[in-house]
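This report concerns only the one structure given below.
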Amino acid sequence: MRSTVIALAIILLPTAVAASPAYVDERAPESRNAALLSQGIAVAGSPAIETLRGVIDSVDQGADSIDIRLPSNRTERFRVQDGLIFDAVRFGEPVEISVQNISGARTIVRLLEE
């Protein structure tokens, strides 16, 4: 019995060590990402958030979008993540928005009236 346990330990221990995750310092996300990448695990970072200022040019609830006239006098269409934003905005209001690329579309994730 004892020799069976020792034989199993010799066979299984190297596999268990190879499958265990590398030491990761939880205080440093970049070391966590590097450790995961070294093990061949893909790491998805959070999408960048861009802050813009502009004026509401049009609101299209049916298409879940808002057109905003930016300071460069260019109008750009943004998708809306939360439909409650439509209740808070009106044509001509100056706003500050936080935009994130979600599923390939520039999407408003936060809107503040100025």
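If we only count strands (runs of 3 or more DSSP E) wholly inside the range 1-111, which ones have 1 or more residues that are aromatic (Phe, Trp, Tyr) and at pLDDT 60 or above? Explain how you work it out, then say what you get.
On the way: elements: 49-60, 65-69, 75-80, 94-102.
It comes to 75-80.
Counting only residues that are free of Cβ contacts under 8 Å to residues at least 12 places away in the same chain and under 15 Å from residue 105 (Cα atoms), which one in the range 51-81 is surrounded by the fewest Cβ atoms within 10 Å (Cβ to Cβ)?
63
The values are calculated or read from the model by the stated rules, or taken from the named source; none is laboratory data. All values reported here derive from a predicted model rather than from experimental measurement. Cβ sites come from the backbone with ideal geometry, for glycine too, and all protein chains shown count toward neighbours.
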